1. Take residues that are away from chain A (no Cβ under 12 Å), modelled with pLDDT of 95 or more and crowded, with 24+ Cβ neighbours inside 10 Å and tell me which of the strands (runs of 3 or more DSSP E) falling wholly in segment B:66-145 contain 2 or more.
2. With the checklist (1) more than 14 Å from every other protein chain (Cβ to nearest Cβ); (2) closer than 18 Å to residue B:185 by Cβ in hand, flag the one item residue B:59 doesn't pass.
3. Just the residues that are over 22 Å from residue B:19 (Cα atoms) and either in a loop (DSSP other than H, G, I, E, B) or out of contact with any strand residue (DSSP E or B) (no Cβ under 6 Å at 6 or more places or on another chain) (or both), please, taken from segment B:170-183.
4. What are the residues in segment B:215-269 that are touching a helix residue (DSSP H, G or I) at 6+ places or on another chain (Cβ under 7 Å), in a helix (DSSP H, G or I) and under 22 Å from residue B:296 (Cβ atoms), if any?
5. Please determine whether any residue of segment B:356-379 is farther than 26 Å from residue A:211 by Cα, more than 24 Å from the chain's Cα centre (by Cα) and within 12 Å of chain A (Cβ to nearest Cβ).
6. Restricting segment A:440-452 to residues that are surrounded by fewer than 20 Cβ atoms within 10 Å (Cβ to Cβ) and more than 10 Å from chain B (Cβ to nearest Cβ), which is nearest to residue B:137 (Cα to Cα)?
7. Please verify whether residue B:258 is free of Cβ contacts under 8 Å to residues at least 60 places away in the same chain and buried (at least 18 other Cβ atoms within 10 Å of the Cβ), treating the condition exactly as stated.
8. Can you tell me how many residues within segment A:181-219 are over 30 Å from residue A:446 (Cα atoms) and either within 25 Å of the chain's Cα centre (by Cα) or part of a loop (DSSP other than H, G, I, E, B) (or both)?
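The values are calculated or read from the model by the stated rules, or taken from the named source; none is laboratory data. As the structure is a prediction and not an experimental result, all values here were calculated from the model. Because the Cβ atoms are built from the backbone with ideal geometry, glycine has one as well, and the counts that use them run over all protein chains shown.
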């Protein structure tokens with residue numbers, strides 16, 4: 001009955017054609033990019049403007065119905081899975097790049113703009129949007145902001161939070177507020193800084209002003225091949241310690257290399273124990289110098305081969321291997337759980353080895369495909385969910401790996417977010433008092449607790 | 001003995017905690033007692049913000065000067081808030097690393113104060129702001145809670161980035177106890193060109209060209225003649241002092257990349273009618289220390305003006321228009337490519353009401369381009385009644401949220417009361 005009232009109210013607020021409520025319509029919104037969590041929303045709305053988002057939120061909030069904002073649904077931590085039911089707001093219709101200002105190097109975009117589409121729109125000006133999550137062909141700028149997304153090139157250029165200047169936010173009471181400023185250092189608390197990465201728990205972003213980054217004069221991409229996993233990890237650490245900040249420094253290990261090669265034909269040696277994808281960009285002279293130093297470090301670290309992409313096509317192939325890696329691992333097993341831990345870069349070799357031990361102990365295959373330069377590990381646990389008990393084993397294995405990351409001085413998420421998956425791990429990192437402060441912050445934006453309730457913070461604090 | 005007098009008010013007590021826990025306890029007690037607290041680092045930016053509505057306790061951070069953890073191979077450092085920037089830079093430099101920040105007075109300015117006051121400098125063009133380098137903070141809230149957010153690794157999305165709220169908040173949400181930063185390798189070479197222009201428009205053209213490929217300057221500033229005159233370190237390089245505007249551009253990287261850029265940039269400036277010279281590498285650091293020094297308090301009214309980068313030209317025009325009409329000889333430095341400018345307005349012989357009117361006029365004009373103006377320093381000696389001058393300008397749209405946040409973390413209102421926007 002309440003559901004009927006909700007649906008009717010939403011239909012009158014934003015028009016019946018943009019209110020989905022039949023089970024077959026809702027099923028599409030019961031999951032995100034993670035294999036582990038699913039839940040059905042009561043209703044899905046597809047507003048076409050900030051005012052409509054605000055109207056829908058007002059309806060839901062008045063009835064105490066949870067509100068879950070959703071971009072492309074590529075999240076990997078269950079952040080947009082409506083595990084308490086309620087209303088999912090799809091931002092898919094708010095998908096326009098509103099302005100590109102090449103002089104300020106900024107763009108104003110709606111949240112449903114696909115990440116790569118923004119870079120394509122900026123390309124004629126020699127600019128791009130720097131955060132480049134592997135999902136960039138489908139994930140949206142709004143979703144990237146919600147989860148403070150990273151990506152391979154964040155090593156040099158910073159993560160999403162470093163590229164968002166201002167945003168329009170619909171608050172839990174349906175109010176609309178502008179946060180941040182295109183003017184540098186405008187006075188006032190950096191509320192935008194907490195909204196980015198807040199996983200939809202503080203409000204719904206309906207417009208963003210983002211920074212665009214100039215394309216580099218030159219780019220060089222290398223593939224370093226290793227017969228030993230820890231040697232590859234040590235090589236990463238040595239490159240950083242040498243004071244080189246590559247544009248990207250990615251690593252892939254184990255069976256994933258062969259799977260990627262079979263699927264993408266990127267030119268990876270299928271029998272390698274680990275490969276590093278190293279990209280440097282900048283001015284020609286800087287690159288010549290860095291390339292020399294990187295080659296020396298790779299050799300000293302025991303690389304069996306170092307190949308340079310000689311043209312754009314080769315470079316694109318090497319990257320296709322990296323960006324298509326998750327899909328390629330479908331060849332190894334039908335399902336995967338991608339772990340997202342971070343460790344200090346000097347601790348990479350040991351934690352890498354440990355992640356393989358854990359997977360072996362749980363009888364799972366593991367492929368590490370990750371942002372090595374940031375110390376951001378992504379052990380990909382591979383399994384078949386049809387085998388009873390697999391889901392639980394995958395969660396337990398992921399948990400052990402993340403615990404090891406924390407023990408090494410790292411964190412439980414570098415870029416995928418906390419969502420449902422890791423909310424109860426938060427006390428590993430934060431005291432009850434720390435979490436209490438996070439809860440204060442949430443209550444400031446959303447006193448009634450309707451915005452993506454239950455996400456990001458542990459179910460029990462203290 | 002440091003003087004903690006602020007706007008002619010002296011505190012009843014000075015407290016200098018030596019641990020983060022002691023710091024939190026001080027604040028808890030102050031909250032209970034309702035004592036107003038002014039957190040105090042190196043004091044280099046204490047003139048930012050209005051006079052405290054009440055001032056009972058000066059909370060000196062001098063007892064928290066330690067480096068907590070530094071692993072050069074990870075390029076991450078954790079320090080206590082009372083460490084000076086210069087001290088941290090020394091530790092980093094021993095390993096070829098640095099925090100690429102250049103606020104004035106780095107030997108005095110403490111890390112906590114720099115973060116709390118949102119300090120920056122010309123390096124922002126190449127390296128972003130301190131916010132971009134801060135990985136996490138440990139903060140004592142007014143009610144005595146001692147909390148962390150962020151992490152000690154370069155990438156983290158666990159929890160809200162609550163630490164960002166304290167950056168630029170002038171200590172009104174809590175007092176920073178410890179900070180963790182990612183750091184950068186010191187570039188192999190840093191080198192600077194100076195170009196003196198007589199045309200008022202050519203420098204803007206030069207700046208605009210030097211933002212385009214292949215140039216990657218890490219800093220660009222435009223100084224007007226009054227500002228140039230106030231920076232003696234420049235004078236040996238600019239013997240002919242009839243220049244209208246001086247542009248300084250700094251490059252960093254490998255010697256080859258720096259040489260190519262600086263040579264092409266010199267030629268470009270000469271084409272635009274400038275006399276341009278390439279400084280020796282040895283002159284680079286001292287020159288930029290002298291330039292950064294321009295933004296410290298110096299006995300006049302120091303304004304910081306910001307606008308969207310694309311409105312830089314208009315921003316400069318509006319600043320000039322406001323003072324030229326009044327016949328004021330104002331020094332001005334534009335941090336080009338960043339959308340910031342500093343202007344120094346004279347106070348001697350200018351009635352306070354005239355300053356207030358000029359500022360209001362400037363703000364009204366800046367509003368049309370999405371800009372703002374903030375008073376960074378107004379010296380005590382001015383004798384100006386601060387009630388007649390609006391320090392921060394119009395309130396941000398999200399003021400209601402900011403107020404409820406402050407009420408949550410500083411319910412007794414003891415931290416820097418009356419000094420900030422909120």
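1. Values: elements: B:67-71, B:76-80, B:134-140.
Because the criterion is at least 2 residues that are away from chain A (no Cβ under 12 Å), modelled with pLDDT of 95 or more and crowded, with 24+ Cβ neighbours inside 10 Å, the strands (runs of 3 or more DSSP E) in segment B:66-145 that meet it are B:76-80.
2. For residue B:59, the failing item is (2).
3. Pass one, segment B:170-183, residues over 22 Å from residue B:19 (Cα atoms): B:182-183.
The one that is over 22 Å from residue B:19 (Cα atoms) and either in a loop (DSSP other than H, G, I, E, B) or out of contact with any strand residue (DSSP E or B) (no Cβ under 6 Å at 6 or more places or on another chain) (or both): B:183.
4. Hits for segment B:215-269 are B:227, B:228, B:233, B:234.
5. Checked against the condition, which is being farther than 26 Å from residue A:211 by Cα, more than 24 Å from the chain's Cα centre (by Cα) and within 12 Å of chain A (Cβ to nearest Cβ), segment B:356-379 yields no hits at all.
6. Within segment A:440-452, the first condition is being surrounded by fewer than 20 Cβ atoms within 10 Å (Cβ to Cβ), and the residues that meet it are A:440, A:443, A:447-449.
The next check asks that each one be more than 10 Å from chain B (Cβ to nearest Cβ); those that pass are A:448-449.
On the way: A:448: 28, A:449: 26 Å.
The extreme case among them is A:449.
7. On the way: free of Cβ contacts under 8 Å to residues at least 60 places away in the same chain: no; buried (at least 18 other Cβ atoms within 10 Å of the Cβ): yes.
Judged against the criteria, residue B:258 is not a match.
8. Start the filter on segment A:181-219 by keeping residues that are over 30 Å from residue A:446 (Cα atoms), which leaves A:212-219.
Those still in the list that are either within 25 Å of the chain's Cα centre (by Cα) or part of a loop (DSSP other than H, G, I, E, B) (or both) too: A:212-217, A:219.
Residues in segment A:181-219 being over 30 Å from residue A:446 (Cα atoms) and either within 25 Å of the chain's Cα centre (by Cα) or part of a loop (DSSP other than H, G, I, E, B) (or both): 7 in total.
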